[in-house]
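Colleague: Here's a structure for you.
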Amino acid sequence: MNRLLSVLCSLCFAAIVIADEPVERLYQHIDIRRAPSFVVQGLAIKQQIHYQVFSSLDLFAPDEHGLRKALQTVETTELIEADLMSRGMFTQALGELRGRQFTYFINQAGEVVSMSGFTNDSKVEEVDSPESKSVLVSTVIDQDGWKEIAQLTFFEPRKTERIGKPFIRKSTHDWGNLGSWYGRTNYRGRSQGRNLQRFEYTHELEYRPPTPQDTVPSSKLPFSIENAKFRLYHARGEILFDTKRRWVTDVTETFHAKGTVATSMMGVDSTVHLEEQQIFTIKLTDRRDVKTMSAEKRR
């Protein structure tokens, strides 16, 4: 009897272990091109940054509530291009990103309901000039940026959302000390060919300035943000979805916003005029494709 009980317990334990094993592995290649610019106290600063992040994604079977776990491991990163001012910061930040892991839980609609494992990789560097002294703050991908990339990666059109019929989903992005964006994303799908659908989407977002709680200076920011105003010029993209395999193959998105930020540093008030232009792509495959491994092979 004890022997039988021991065997049954061992089988139960084995079933638990097996259930916690990933059922599928995908490979994600992110390409980001950014052109932020700033004007502070008459000093114009322009950045040109291009970098790539290659990750493996281990997908687990849905639980009894339909939630699916995904484990992302950053395998390689590469700085393709950067201006002289940004190169050192992004080289360091991308190097620190290698090996990092993020865990997501995705619901049946392909929406990310939780994320863990994020560590703030913001870098701060002083910029000196004959006219003024300023501080440059740069981040590879912020926490909400990772969530948005994951949500695009795991995008799943609902069965009730017929091809060609537009549909809407809520959208938010927290900029931390700079405030946040709230609104919706409009989608419209159409057939692209056999087993392939294209979904075009547009973000309609309203900017909300930071609250006093948001603008408490952190150890990484030697200044406080008193107020901010931003306007979104465009934020749109497209998703290619494989209807047979039921996962996304390609995503492209562009983002363009302008605004002003009122800051205070050591009792000195100033206004920063900021413009953010960005384009990023996501490619997903179930094998280590030669094209998506180009960054790794160059190392």
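The values are calculated or read from the model by the stated rules, or taken from the named source; none is laboratory data. Predicted, not measured: the structure shown is a model, and the values here were computed from it. With ligands, DNA and RNA removed, areas are computed over all heavy atoms of the protein, side chains included. Shrake-Rupley method; radii C 1.70, N 1.55, O 1.52, S 1.80 Å.
Colleague: Enumerate the amide H contacts of residue 75 below 5 Å, restricted to partners 5 or more residues apart or on another chain; note that Pro and chain-start residues carry no placed amide H.
Modeller: The list, which skips near neighbours in sequence, is 54, 55, 56, 99.
Colleague: Of all the accessible heavy-atom surface of segment 24-289, with the other protein chains kept in place and a 1.4 Å probe, what percent is carbon and sulfur?
Modeller: The value for segment 24-289 is 48 percent carbon and sulfur by accessible area.
Colleague: Using a 1.4 Å probe, what is the accessible area per residue for segment 24-289, in Å²? Don't skip to the end; give the middle numbers.
Modeller: Values: 13500 Å² over 266 residues.
Spelled out: the 1.4 Å probe surface of segment 24-289, per residue, equals 51 Å².
Colleague: Follow-up. Output ³J(HN,Hα) for segment 240-257: one whole-Hz value per residue in order, computed from phi by the Karplus curve 6.51 cos²θ - 1.76 cosθ + 1.60 with θ = phi - 60°, and x for Gly and Pro.
Modeller: Running phi through 6.51 cos²θ - 1.76 cosθ + 1.60 with θ = phi - 60° gives 9, 10, 7, 6, 7, 7, 6, 8, 6, 9, 8, 9, 9, 9, 10, 9, 8, 9 Hz.
Colleague: Follow-up. Residues with amide H under 5 Å of residue 227's amide H, sequence separation 5 or more or different chain, H placed in the peptide plane at 1.01 Å from N; which?
Modeller: Correct list: 262.
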